[in-house]
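The values are calculated or read from the model by the stated rules, or taken from the named source; none is laboratory data. Every value quoted in this text rests on a predicted model; they were computed, and no experiment measured them. No Cβ is skipped: glycine too gets one built from the backbone with ideal geometry, and neighbour counts run over all protein chains shown. SASA here: full protein model, heavy atoms, side chains in, ligands and nucleic acids out. Shrake-Rupley method; radii C 1.70, N 1.55, O 1.52, S 1.80 Å.
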Amino acid sequence: MPKQTTYKNIAGFRCLRNITKQTNDLYLVHCGQQQCPPGYTYDHKIPNEYHLHFVLNGKGILLINDVTYHIKKNDIFLIPKGVPIQYFADEREPWEYVWVTFDGAMAESYLNHAHLDAAHPVITSTLAVTTYTPFIRSILDTNKLTYANEIRRVGYLYEILSTLIEAQNAQSEKYDYPSETYVDYALQYIKSNYRDIKVNDIANYIGINRSYLTAIFKKKLDVSPQKYLVSYRLQKAAKLLKSTDMAIADIATEVGYVDSISFSKMFKQEYDMSPKAYREA
């Protein structure tokens, strides 16, 4: 019989324990916030889940696999599943942290995407760790025993992990998918939005920086994204010149140019003739 979910809120300690399992992919077990007393020691024999801590203030020491980690404010540390650990709050500046305990089929993969595992259990957050406290406090606030709250709490856990993965990868500029996937996604975005976008819009929509977008475009298509976007607009314009009686100024507007002079100049560079001459030919 599963343990009953319990909520505790006392001075310096707030915790929601034994949370009902929501999904197999990812589910919460515990969640809380603690201001540790000086020298507070925790001896975790062999944890059955992953424990992720966000240090808000103070400092402490984590011992794992015979390695000592000195941890301070804005560090994030992982207690890995199946690995015995100990940690100690500093005697003079004991740490305060928020934490989430979770497991599931995807838990290890999500942590790996955030560059956290048993061999690398500590990272310095690229965001102030207070970024994560509203999510954890929201979990603690949804402590009433309702089915809606069970769903809502795992949603906050996904927010925590997605924010962490995004923040850590933005610093290292490592991306989750092969470059071909990003190029294909960019081409689809251009196809649907070519009239009123710039290259930065494409990069931002996909979630990569502009220099990387340019590099993978040149590698796969032998052309920059800017050149591809211009050529795509002009191809659309050429089709309209062939198949309709639309005024050239209207075609310019239709494919994303604010005036027909700029459009005509770019069209002539692409096709070696003016839009009018192209239509007549």
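Tabulated results
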{"quantity": "Label-point separation, Thr253 to Tyr232 (7 Å along Cα→Cβ), nm", "calculated": "2.3 nm"}
{"quantity": "Estimated distance in nm for a label pair at Asp43 and Asp141, the labels positioned 7 Å out from Cα along Cα-to-Cβ", "calculated": "3.9 nm"}
{"quantity": "FRET E, pair Asp201, Asp25, Förster distance 41 Å, beta-carbon r, rounded to 0.05", "calculated": "0.80"}
{"quantity": "Accessible area expressed per residue, the range 122-226, with surrounding protein chains retained (probe 1.4 Å, Å²)", "calculated": "57 Å²"}
{"quantity": "Between helix 179-193 and the chain: long-axis angle, C-alpha atoms, 0 to 90°, nearest 10", "calculated": "60 degrees"}
{"quantity": "Sum of -39500 (n - 2.57) over DSSP H runs of 4+, divided by residues of the chain (222 nm, nearest 500)", "calculated": "-13500 deg cm²/dmol"}
{"quantity": "Sequence ranges 6-13, 147-154, ranked by mean other-Cβ count within 10 angstrom, highest first", "calculated": "147-154, 6-13"}
{"quantity": "Residue-level accessible surface for Ser192, protein heavy atoms, 1.4 Å, Å²", "calculated": "80 Å²"}
{"quantity": "Label-to-label distance, nm, for residues given as Ile61 and Ser262 (7 Å Cα→Cβ offset)", "calculated": "6.4 nm"}
{"quantity": "Cα gyration tensor category, rounded, prolate or oblate, for the range 226-276 with a/c compared to 1.5", "calculated": "rounded"}
{"quantity": "Area accessible to solvent at Tyr185, 1.4 Å probe radius, in Å²", "calculated": "110 Å²"}
{"quantity": "Rounded to the nearest 20 debye, dipole of the range 38-106 from Cβ charges on Lys, Arg, Asp, Glu", "calculated": "80 debye"}
{"quantity": "Farthest toward positive dipole pole in the chain [+1 Lys/Arg, -1 Asp/Glu at C-beta], among Ile76, Thr23, Asn149", "calculated": "Asn149"}
{"quantity": "0 to 90° range, to nearest 10: angle between helix 210-221 axis and the chain longest Cα axis", "calculated": "60 degrees"}
{"quantity": "Angle between the chain longest axis and helix 147-172 axis [Cα atoms, degrees, rounded to 10]", "calculated": "70 degrees"}
{"quantity": "Rel. contact order, % - alpha carbon contacts under 8 angstrom, at least six apart, the range 205-274", "calculated": "18 percent"}
{"quantity": "Percent RCO, i.e. relative contact order, over the chain, from Cα pairs under 8 Å lying at least 6 residues apart", "calculated": "14 percent"}
